[in-house]
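What follows is calculated from the coordinates using simple rules that are stated; it is not laboratory data. Computed from a predicted structure; not experimentally measured. Backbone-built Cβ (ideal geometry, glycine too); neighbour counts: all protein chains shown.
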Amino acid sequence: MKTLLATEGLTKAFGGLVAVNRVSLEVRENSLTLLIGPNGSGKTTLLNLCTGVLKPDSGRVVFRDQDITGLEPHQIYELGFVRTFQIPMPFIALTVLDNVLGAMRSPGEDPFRAVTKAAWIEREEEHMERALAILEKVGLERHWNMPSASLGAAQLKMLEVARGLASGAKLIALDEPIGGVDPARAGDILTHLTELKKEGITFLVVEHRIDIAAPFADHMYALDRGSIISHGPPDSVLNDPKVIEVYIGRDEAC
Amino acid sequence: MNGVDKTGSRMQDVWMKNEVVIGLVMVAVLTVIMLTLGLSLVLTILIDAAVFTIVTLSLNLEVGHTGISQFGRVLAVIAGAFVVGAVPGRVLAFLNGLPYGVSYADDAVNYKVVPAISDLLASSLPLSVGFLLFSFLLAAVAGAAVGWLTSRPAIRLKEAYLGISLLAFGDFFMWVGHNWEPLVGGTTAVFVPDPFRVVWGSRFQVVVIVAVIMAFLVYLYLEKLTRSPFGRTLHMVRDCDVAAAVCGKDIVRIRTQSLMIGSALAAVGGALYVIYAGTCTAIGFTRLTWTFWPWAYMMLGGIGSNRGVVLGVLMLTVARTLIITYRSTLFGFLLTWGIDPMWLEYTLMGLVIMLVVLFMPHGLVPAKVESILPAGRVRKAAQEQGFGATVG
């Protein structure tokens, strides 16, 4: 399988705290790569660096053989790489449907064409069908016409996922997509991601709920204090003593 | 809100809407003013309301729809006013062998040149119309240019920082115009050639009609613009710019576009004002009148609601015009308590802003969360997907 996303020695410090320390990882095409690690280990910062929300101090980000280090988020979106947020960031004054439609490209976004409805209405209707189908997949179909501000925490999470899916990207980075979601729905979502994988979408998933997510992962990276401590197939990573130590603590008695 | 699907309650919904009630009250108030105080006062109110509708709607595009803290609205208004005060008259002066250079703005020359140009305009309707359209086009271009210029240093700033920068830019041109005579006469002001002299007998009425039509067109344009995918992008940037960027929106470009369109419209408002007034006085373009009044109108009407803004402008313009007209005759008694009624107008503005912030933070017609796309089409698409019977 080809490498879709690669980071090379990616480093970011906030003052004296090195949040991400020379991280090199690879996300292969058509895989679901799981990124785990305790709170504060740098997972979200790593996603921010990859998607242009933050600029790295050093190192490179390569996406589809193109250096995307330091590009703006919208430029990275154009190349086919989007992310969702751990803390949902809905467009609160838009409806749920418009939140999803907003993640797509529309000819009506051009201020000159915007005033002539004929220039964009057909495309928007196609988008609408796709958006409604996505909302059904994430379980928000009953809320499509409500203000996004009226959604609950788990529903906002799903809205984040829906926006990610709507972008039509090649690579979608999901920051804790099933945090706060009930296990049944969480399983559904991950199953859905596996189906989308068959359509050629690649996922980089940050998740704390390893028990639910690990069975769906093809590859796994474990992060601790900004550095990768283990990577490989999920089973080997989960059984790696270094990972066990980070999560459960060292057994001092031994 | 709900019950939109039930046809029975639809009529009721329409009648219960704030904007309909307020609109009818305003029509009644204007009728009473016309019957008791005369038509000319109504026309004065309408021309002021039209100019400020354009300016305030443009402000609402930037503030209400895009989330830019535009505290320098006066800048774009000045751009439109000055360019119309300085350029079209000079063009005609040049074409007709009249003084057009630095001396055009000299008060000893200007008071002779401009009436000569106005006489020329009065002789030809096509020339007058052309002059008017050229002036507005020029103003729009100047406004867009100023919007772009101010956006360069300011666009990456947020909220208060952006607001303070724009506030500082706002006064810049006023002082340039006030002190640099060749532009619009400095302290003495220039006259603006009058394209409405061609309809001399009913000039005032025609100006009012043209102004009201223009305000209405601006309203229609902005309604279309904000209820489109472009409008949705503006709202995305307003609600959460980081998420908008991740959703592929170039937030710097979108803010710039909003500033340019808004400033172009505000400049047309400024141009309309000086053409109506017949003079362009730099010192008259204060931030009080052209930034803070529009803010008060917008806050009263409802930030983000184009319809609310129109009503807010109308209500406060009526109040303001009545106060200005009658402050000395009706409120002279205030002087016995040491209060100069000259300041009533400004006191009113402060009072309105305070009351709105305290009791109606969303304004008279709060902006609604509704689909950008036509409601009927959205509902149809949802029904086709099999979940039409949802909350409407």
Subject >> Whole-angstrom Cα spans of the protein assembly as shown along principal axes, big to small >> reply: 99, 61, 55
Original post:
Which residues' amide hydrogens lie under 5 Å from the amide hydrogen of B:F71, considering only partners 5 or more residues apart or on another chain, with H built in the peptide plane?
Top reply: B:L166, B:L167
**OP:** Collect residues whose amide H, placed 1.01 Å from N in the peptide plane, falls under 5 Å from the amide H of A:I229; neighbours closer than 5 in sequence don't count.
**Re:** A:A222, A:L223, A:D224
**OP:** Among DSSP beta bridges whose residues both lie in chain A, state the antiparallel percentage, nearest 5.
**Re:** 55
Original post:
If you count the DSSP beta bridges with both ends in the protein assembly as shown, what percent of them are antiparallel, to the nearest 5?
Top reply: 60
Subject >> Mean residue ellipticity (222 nm) of chain B, computed from DSSP H runs ≥ 4 via -39,500 (n - 2.57), nearest 500 >> reply: -23000 deg cm²/dmol
**OP:** Excluding residues fewer than 8 places away in the same chain, name every one of the aspartates and glutamates whose C-alpha is closer than 19 Å to that of A:K2.
**Re:** A:E26, A:E29, A:D65, A:D67, A:E199, A:D218
Original post:
Taking all pairs of different Cα atoms in segment A:26-168, averaging 1/r and flipping that mean, what Kirkwood radius in angstroms comes out?
Top reply: 16.8
Original post:
Per 5 Å bin, what is the whole-percent P(r) computed from every C-alpha pair distance within segment B:229-357?
Top reply: 2, 9, 13, 16, 17, 15, 11, 7, 4, 3, 2, 1, 0
Subject >> Relative contact order for chain B, counting Cα pairs under 8 Å that sit 6 or more residues apart, in percent >> reply: 28
Original post:
Based on DSSP H runs of at least 4 residues, each adding -39500 (n - 2.57), what is the mean residue ellipticity at 222 nm of chain A after dividing by all its residues, to the nearest 500 deg cm²/dmol?
Top reply: -10000 deg cm²/dmol
Original post:
What is the log10 of I(q)/I(0) for segment A:95-150, computed with the Debye formula using one identical point scatterer on each Cα and no solvent, at q = 0.16, 0.24, 0.30 Å⁻¹?
Top reply: -0.50, -0.91, -1.14
Subject >> Averaged over A:138-144, number of beta-carbon atoms from partner chains that fall within 10 Å >> reply: 3
Original post:
Expressed as a fraction of 2.2 N^0.38 Å, the rule-of-thumb size for a compact globular protein of N residues, what is the C-alpha radius of gyration of chain B?
Top reply: 1.06
Subject >> Shape category assigned to segment B:89-199 from the gyration tensor of Cα positions, a/c cut at 1.5 >> reply: prolate
**OP:** At a Cα cut-off below 17 Å, give the aspartates and glutamates reachable from B:K17, other chains included and same-chain residues fewer than 8 away excluded.
**Re:** B:D5, B:E370
Subject >> Amide H within-cut-off set for A:G179, under 5 Å, with H built and near neighbours excluded >> reply: none
Original post:
When only Cα pairs under 8 Å and 6 or more residues apart are kept, what is the percent relative contact order across segment A:109-245?
Top reply: 15
**OP:** Please order B:M298, A:M146 by the number of other Cβ within 10 Å, starting at the fewest.
**Re:** A:M146, B:M298
Original post:
What is segment A:1-85's relative contact order, in percent, from Cα pairs under 8 angstrom and six or more apart in sequence?
Top reply: 31
Subject >> Reach of A:K137 by Cα under 17 Å, taken over lysines that are not fewer than 8 positions away in the same chain >> reply: A:K157, A:K197, A:K198
Original post:
Which of B:W337, B:W148, B:W290 comes first, and how do the rest follow, when ranked by fewest Cβ neighbours within 10 Å?
Top reply: B:W337, B:W148, B:W290
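Average partner chain C-beta neighbours within 10 Å, per residue of A:104-116? Intermediate results must be reported in sequence, preceding the final value.
Details: counts 3, 4, 6, 1, 8, 12, 5, 11, 3, 3, 11, 9, 2.
Average per residue, whole number: 6.
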Original post:
Exposure proxy check: A:L204, B:L43, A:L79 ranked by fewest other beta carbons within 10 Å?
Top reply: A:L79, B:L43, A:L204
Subject >> Distribution of pairwise C-alpha distances over chain A, 10 Å bins, in % >> reply: 7, 29, 35, 20, 7, 1, 0, 0
